[in-house]
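Just so it is clear, none of the values below were taken in a lab; they were calculated from the coordinates. Keep in mind that this is a model prediction, so the values were computed, not measured. Glycine gets a Cβ as well: all are built from the backbone with ideal geometry, and neighbour counts include every protein chain shown.
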Amino acid sequence: MQPETSRGRLHAEAESATRSPWQRDRDRVIHSSAFRKLQYKTQVFVNHEGDFYRTRLTHSIEVAQIARSIARVLALDEDLTEALALAHDLGHPPFGHAGEEALSEAMRPYGGFDHNAQSLRVVTLLEGRYAAFDGLNLTWETLEGLAKHNGPLRKPPPYVAQYTERHNLELTTHASAEAQVAALADDIAYHSHDLDDGLRAGLFAMEDIRHLPVVGEAIAQARRASLDVPPPRLRHETVRRVIDALVTDLVEETARRIAVLKPRDVDAIRRAKTPVVAFSPAMAEANRVIKEFLFARMYRHWRVNRMVTKARRVTAEMFALLHAQPQLLPGEWGARAGGEAGTARTAALVADYVAGMTDRFARDEHARLTDLSVSG
């Protein structure tokens, strides 16, 4: 992508004299309230369980670092890549996937809930920082990358379909190479830091992951580098080698695909039959095996299951109470509901309210709504 070829913004603005369009997008994301709240939103462990575990904010920063490094090697636009990486999780509700599952179930009669669609909703509607428009008024390219985070959308979520009717994001094509890099940097960060956090939390040990592809070789390399390395440093030495192996493979496979495709412009990448940014088949299979291990040994660990059960209950109960009694919504939220109990419009508003909560605020708000000993 070249800044001068940007398709611009839905609401026309004068260009900045000091920043490219995508630097402005990145800066608007960083200064948004939704971005700040990511520091208190769950990645795997609920925020209060430990200061060293990843949150949505630290995850987003790690994704941005990996994505920007890959973009630089591949001569892509680093600023667009970074903007997408920093914005990709803005729509996540509290309590990670547990909160999303509860909202998805509650919103099923009204079109469902999807955190990628909610990210688009945040940056195009919910952020109220400017006098002239709702949202952040990001460029077409950034919005396209957010909407197509996981590839072309042939059955888009309701809000994405609604938005693209007035600002066509060409949902059935691939996104730019920059957006594809941001999406796979997300996978790299996920696998590496979940291995790190899982080891730190004692959900599994080094001996339990020696058999995993890529990971086993990373452990062996780390041990050869220093035969007496203590366990915490062995963990870090292993994780950084896992990241390096994944990034190296991604860069090599992507360069190979670009050489075969010979794209004349970014639209050739959008129209390609397959993504241009990808892992090699062998590394894609290794990633699948690692993901299966993490699912079984971390995401379904009994300690995580207990947190997930409580988080789903808190989220579901809050939604049900506020949807049935919108007069319980505070301030501007209550005014916007207008007392319309049980409607689709109120359901969407309550979903926005709950999805915007941090873990801590969600726990406190649930207590205020359900516990007589806690003042409202």
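Candidates His366, Val350, His323 compared by Cα position along the dipole of segment 304-370: farthest toward the positive end lies His366, with charges placed on Cβ. Remark: the Cα gyration tensor places segment 239-376 in the oblate category, a/c being 1.5 or greater and a/b not exceeding b/c. Counting only DSSP H runs of at least 4 residues, each contributing -39500 (n - 2.57), and dividing by the residue count of the chain, the helix-based mean residue ellipticity at 222 nm comes to -18500 deg cm²/dmol.
Listing Lys37, Lys148 from fewest to most neighbouring C-beta atoms within 10 Å gives Lys37, Lys148. Per-residue extension of 0.36 nm, minus the Cα-Cα distance of Thr274 and Val374, leaves a gain of 30.6 nm for this segment. At a threshold of 8 angstrom on Cα-Cα distance, excluding pairs fewer than six apart, so keeping six or more, what relative contact order does segment 191-313 reach in percent? Answer for segment 191-313 is 30 percent. Rounded to the nearest whole Hz, the Karplus-based 3J(HN,Hα) values (6.51 cos²θ - 1.76 cosθ + 1.60, θ = phi - 60°) of segment 86-101 follow the sequence 6, 9, 5, 10, 4, x, 5, x, x, 6, x, 5, 5, x, 5, 4, with x at glycine and proline. Measuring between their Cα centroids, segment 224-249 and segment 49-106 lie 23 Å from each other. In this Cβ point-charge picture (+1 for Lys and Arg, -1 for Asp and Glu), the chain has a dipole of about 460 debye about its Cα centre.
Cross-link partners of Lys262 among lysines, defined as those whose alpha carbon lies under 27 angstrom from its own and excluding same-chain residues fewer than eight positions apart: Lys148, Lys273.
For segment 277-313 versus segment 180-199, the spacing of their alpha-carbon centroids is 11 Å.
In terms of the mean number of neighbouring beta-carbon atoms within 10 Å, the peptides 184-192, 138-146 order highest first as 138-146, 184-192.
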